[in-house]
1. Does residue 62 fit the bill of being touching a strand residue (DSSP E or B) at 6+ places or on another chain (Cβ under 9 Å) and more than 19 Å from residue 102 (Cβ to Cβ)?
2. Taking strands (runs of 3 or more DSSP E) that fall entirely within region 43-104, which contain at least 3 residues that are in contact with a helix residue (DSSP H, G or I) (Cβ under 9 Å, 6 or more places away or on another chain) and touching a residue at least 60 places away in the same chain (Cβ under 8 Å)?
3. For region 75-95, name all the residues that are touching a strand residue (DSSP E or B) at 6+ places or on another chain (Cβ under 7 Å), surrounded by fewer than 17 Cβ atoms within 10 Å (Cβ to Cβ) and under 20 Å from residue 42 (Cα atoms).
4. If I go through region 37-47 residue by residue, how many of them are at pLDDT 90 or above and either surrounded by 19 or more Cβ atoms within 10 Å (Cβ to Cβ) or out of contact with any strand residue (DSSP E or B) (no Cβ under 6 Å at 6 or more places or on another chain) (or both)?
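The values are calculated or read from the model by the stated rules, or taken from the named source; none is laboratory data. All figures in this text were calculated on a predicted structure; none of them were measured in a lab. When we count neighbours, we look across all protein chains shown, and the Cβ atoms used for this are built from the backbone with ideal geometry, even at glycine.
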């Protein structure tokens with residue numbers, strides 16, 4: 001699979017802190033962000049892939065963005081040094097994450 005890196009946060013002055021790329025996780029296709037790997041479950045929930053390939057579903061509030069045709073999920077995660085609120089864009093038809101944006 002090709003890897004691509006994109007800075008996504010307009011709110012953060014440091015694009016390097018918000019780099020992300022597609023990766024293949026043990027559970028299937030995943031999305032890497034700030035050292036964490038996320039995937040979409042069969043029920044279209046956002047989940048974190050943890051050590052050993054186990055998948056941990058993350059609770060989220062979500063809404064449908066008709067402009068992009070994606071479901072937008074707000075998820076709280078613990079990064080390496082701080083907690084973060086992420087907006088995860090999911091194409092539910094393909095069960096794949098198409099973007100991640102950090103809010104705080």
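1. Working: touching a strand residue (DSSP E or B) at 6+ places or on another chain (Cβ under 9 Å): yes; more than 19 Å from residue 102 (Cβ to Cβ): no.
Against the criterion (touching a strand residue (DSSP E or B) at 6+ places or on another chain (Cβ under 9 Å) and more than 19 Å from residue 102 (Cβ to Cβ)), residue 62 does not qualify.
2. On the way: elements: 46-49, 55-57, 61-65, 70-78, 83-91, 96-102.
Output list reads 96-102.
3. Selection gives 91, 92, 95.
4. Of the residues in that region, 6 qualify.
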